[in-house]
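A.B. asks: The structure follows.
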Amino acid sequence: QVQLVESGGGLVQAGGALRLSCAASRSRITTSDLSWYRQPPGKQRELVATITSGGTTNYAASVKGRFTISRDNAKNTVYLQMNSLEPEDTAVYYCRTVLAFRAYWGRGTQVTVSS
């Protein structure tokens, strides 16, 4: 098993920036893909960004060019740098990984962007 703990959320004005972190309890994630999801109020959870074990990244169209996902395997941590934040980015942000065909989720961190 692995525990994922997100941090770095908060309240920011539109146009601002935040960096989210997700720390994993085990080093096995170094060979796993890691993803950030978000769930806006009253909406379904959606994929934001993914980084593979080899470092390849993919982004949702709505965040491409504004968000950057990265990982530090030495720290068992994945990051999401969020720039040019918009009110539509308001959501609970979750990190996720899959190990041995089982998905693990963190408990999420709230991001609120005021207009």
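The values are calculated or read from the model by the stated rules, or taken from the named source; none is laboratory data. Predicted model, so just to flag it, every value in this text is computed and none were measured. No Cβ is skipped: glycine too gets one built from the backbone with ideal geometry, and neighbour counts run over all protein chains shown. Ligands, DNA and RNA are excluded from the accessible area calculation, which covers all protein heavy atoms including side chains. Shrake-Rupley method; radii C 1.70, N 1.55, O 1.52, S 1.80 Å.
A.B. asks: Could you check region 66-75 and list, in sequence order, the residues that are among the charged types (D, E, K, R) and either surrounded by fewer than 14 Cβ atoms within 10 Å (Cβ to Cβ) or in contact with a strand residue (DSSP E or B) (Cβ under 6 Å, 6 or more places away or on another chain) (or both)?
C.D. replies: R71, D72, K75
A.B. asks: Would you point out which residue out of V63, V113, V92 is aliphatic (A, V, I, L, M), over 15 Å from the mean Cα position of the chain (by Cα) and open to solvent by less than 50 Å² (accessible area, probe 1.4 Å)?
C.D. replies: V113
A.B. asks: Against the definition (touching a residue at least 12 places away in the same chain (Cβ under 8 Å) and either within 19 Å of V113 (Cβ to Cβ) or exposed (fewer than 13 other Cβ atoms within 10 Å of the Cβ) (or both)), how does Y79 come out, yes or no?
C.D. replies: yes
A.B. asks: Residues of region 70-89 being within 15 Å of the chain's Cα centre (by Cα) and in a helix (DSSP H, G or I), which ones?
C.D. replies: Passing the criteria: only D89.
A.B. asks: Go through the residues of region 8-19 one by one and say whether even a single one is without any contact (Cβ under 8 Å) to a residue 60 or more places away in the chain, surrounded by fewer than 16 Cβ atoms within 10 Å (Cβ to Cβ) and among the small types (G, A, S).
C.D. replies: No, there is no match, as no residue in region 8-19 is without any contact (Cβ under 8 Å) to a residue 60 or more places away in the chain, surrounded by fewer than 16 Cβ atoms within 10 Å (Cβ to Cβ) and among the small types (G, A, S).
A.B. asks: Is at least one residue of region 29-51 outside any strand (DSSP E or B), open to solvent by 20 Å² or more (accessible area, probe 1.4 Å), under 25 Å from Q1 (Cβ atoms) and at pLDDT 95 or above?
C.D. replies: For region 29-51, residues outside any strand (DSSP E or B), open to solvent by 20 Å² or more (accessible area, probe 1.4 Å), under 25 Å from Q1 (Cβ atoms) and at pLDDT 95 or above: present.
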